[in-house]
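Written below as structure tokens is the structure these notes are about.
The values are calculated or read from the model by the stated rules, or taken from the named source; none is laboratory data. Everything numeric here is computed off the predicted structure, so don't read it as measured data. With ideal geometry, Cβ positions are generated from the backbone for all residues, glycine too; neighbour counts draw on all protein chains shown. Accessible surface areas use protein heavy atoms only, side chains included; no ligands, DNA or RNA. Shrake-Rupley method; radii C 1.70, N 1.55, O 1.52, S 1.80 Å.
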Amino acid sequence: MNTRTNQFTEKEINPLNSLDEWEDAVLQRYPEPGMIAQHKTEEEFRNYETPGRDTVKEFYRLNHTYQTYDFVQEKRAHYLSFDKKEMPVWEAFDFLNQLVDDSDPDTDLDQFQHLLQTSEAIRADGHSDWMVLVGLMHDMGKVLCLFGEPQWAVVGDTFPVGCAYSGKIVYPEFFQQNPDYNNPVYQSQLGVYKQNCGLRNVNMSWGHDEYVYQMMKDHLPEPGLYMLRYHSFYAWHREGEYDHLLDDHDREMLQWVKLFNPYDLYSKCPTPPDWKQLRPYYEDLVAKYLPSTLKF
């Protein structure tokens, strides 16, 4: 199946008004009062006058229709060579900031400041510095949009491809439009995998999680890498699905993914971080763990 971007209309490439509409939908599904940014209740987050739920539904329709096993292999082959661009780390944040979001009612902050809020919330709670760096880097993979990828191939709940879909994935009915739905092998419980093979041997739907994990995999401790790779795998860490694919290492790492998830969802607030004051800390942190340039 031809899944090149030029086969899609502009509305199919960008069904959401902004990437944050997906995060809004996740927040509504998994409200968790009293976590981060406690001065503002979770009900007040993303208070759109016209929520535009139709755009989110259309986003999931496209995601579930086109995220096939072959599509994932195609994107992995294309992007995981990391030969598209190379930039100093701090220039990479400027690159990410080209993802302008004018529709977010919570804050006027740019992408980098959103990430800084996440990392600062983690730091304020006294977690290890590598986890602070995970907060800073976890959405860097959204630069895929700047390389022309459709929104539904950048964000969205991730799920295994090549095996039966869980009914706990949001809008599971849209998988009936996916060509893999008619493949008996892909629709068996294990599909192309073996019992308890471990998530490291499972192909997930393509998006920013896998991309940033692959970018960071030589630079962060294992718990941090799980946070990056599976923070959008809600059917696993929120719904308890896909146990038949997990090994003992995945079960051990689940606590770390759950630890990170509230910072991912609830750390936005309208107060801008004081970058001038924070800059020395973050420059030292980045220099401690990351190379001077990042490959994309």
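At a glance:
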read-out	value
First in segment 163-190 and on the phi > 0 side of the Ramachandran plot, second anywhere and open to solvent by 70 Å² or more (accessible area, probe 1.4 Å), Cβ under 9 Å, 6 or more apart	Y171/K57
Residues satisfying the stated conditions in segment 215-242, i.e. part of a helix (DSSP H, G or I) and over 13 Å from the mean Cα position of the chain (by Cα)	M215, M216, E222, P223, G224, A235, W236, H237
H244 closer than 13 Å to S166 by Cβ, open to solvent by 10 Å² or more (accessible area, probe 1.4 Å) and not basic (K, R)	yes
Sole residue being surrounded by 22 or more Cβ atoms within 10 Å (Cβ to Cβ) and of a type in the set (G, A, S), chosen from G148, G126, G141	G141
Number of the condition not met by K276 [criteria: (1) at pLDDT 95 or above; (2) of a type outside the set (A, V, I, L, M); (3) in a helix (DSSP H, G or I); (4) open to solvent by 70 Å² or more (accessible area, probe 1.4 Å)]	(1)
Any chance K295 is touching a His at 6+ places or on another chain (Cβ under 7 Å) and open to solvent by 40 Å² or more (accessible area, probe 1.4 Å)	no
Hey, S166 over 30 Å from Y282 (Cβ atoms), out of contact with any Lys or Arg (no Cβ under 7 Å at 6 or more places or on another chain) and among the polar types (S, T, N, Q) or not	yes
Pair list, Cβ < 7 Å and 6+ apart or interchain, from segment 6-25 residues that are over 15 Å from D157 (Cβ atoms) and open to solvent by less than 30 Å² (accessible area, probe 1.4 Å) to residues that are assigned to a helix (DSSP H, G or I) and modelled with pLDDT under 85	I13/T5
Tally, over segment 194-209, of residues that are open to solvent by less than 20 Å² (accessible area, probe 1.4 Å) and in contact with a strand residue (DSSP E or B) (Cβ under 9 Å, 6 or more places away or on another chain)	4
Residue match in segment 195-214 (condition: free of Cβ contacts under 8 Å to residues at least 60 places away in the same chain, more than 15 Å from D139 (Cα to Cα), in contact with a helix residue (DSSP H, G or I) (Cβ under 8 Å, 6 or more places away or on another chain) and of a type in the set (V, I, T))	yes
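Per-residue answers, yes or no, for (1) at pLDDT 95 or above; (2) under 17 Å from V154 (Cβ atoms); (3) in contact with a helix residue (DSSP H, G or I) (Cβ under 8 Å, 6 or more places away or on another chain):
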site	(1), (2), (3)
L62	yes, yes, yes
Y66	yes, yes, yes
D70	yes, no, no
R76	yes, yes, yes
Y79	yes, yes, yes
M87	yes, no, yes
N97	no, yes, yes
V100	no, yes, no
D104	no, yes, yes
